[in-house]
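Notes for the one structure printed next.
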Amino acid sequence: GAGGGVMVGLWGRSGRMLQQVRSKAAARGYVYVFGNACFEPLKIGATTRDPQIRALELSAPTGVPGGYDILLAEFVPHPFVVEHKVHSLLDGYRLGTNKEFFLCSVEEALRVVRGCVEEARAMWGGVK
């Protein structure tokens, strides 16, 4: 719809990503920042499920030392669109390409995520 075009114009970058973002845009869910005491990179992502379940899933593989702690989880409209915006703003800290791991301070990650969450809520309204 028309609202989707506005959203894509404000939040998207490339044609391929626009299609992915648009296809996931209707969801409500969480944008999260996870930390692991055993290594420095932060995991920043989105999920439509309970963030605690997502953290447990990520902590389960035998190759992962220690478990993930939830440093921030915000319930937002269009979590995957918000995630894309956060990832683009933190791209200079990204470990590898197309990954959700970032070598930035917790404070920087929280500042960027909270800013994007506020922008999303202002654009699309709060989520209950």
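Apply 1/(1 + (r/R0)^6) to the Cβ-Cβ distance of Phe101 and Thr48, taking R0 = 25 Å, and write down the FRET efficiency to the nearest 0.05.
Here the calculated transfer efficiency is 0.75.
A cut-off under 12 angstrom between Cβ atoms defines the neighbours of Pro51, and their net charge, with Lys, Arg +1 and Asp, Glu -1, is -1. Hydrodynamic analysis of region 74-128 uses the Kirkwood radius over alpha carbon pairs. Inserted into Stokes-Einstein at 37 °C and 0.692 mPa s, it gives a translational diffusion coefficient of 282 µm²/s. Computed from label points 7 Å out along Cα-Cβ, the spacing between Asp69 and Arg111 is 2.1 nm. Each peptide among 33-42, 58-67 gets the average number of other Cβ atoms lying within 10 Å of its residues, and from highest to lowest they stand as 33-42, 58-67.
Ordered from longest to shortest, the equivalent ellipsoid semi-axes for region 22-128 are 22, 16, 12 Å, each the square root of 5 times a Cα gyration tensor eigenvalue. If you take the Cα centroid of region 38-57 and the Cα centroid of region 83-128, the two points sit 14 Å apart.
Read-outs throughout are calculated quantities, based only on the coordinates presented, and are distinct from any laboratory measurement. Please read these numbers as outputs of a predicted model, since none were measured by experiment. Reconstructed Cβ throughout: ideal geometry from the backbone, glycine too, with neighbour counts over all protein chains shown.
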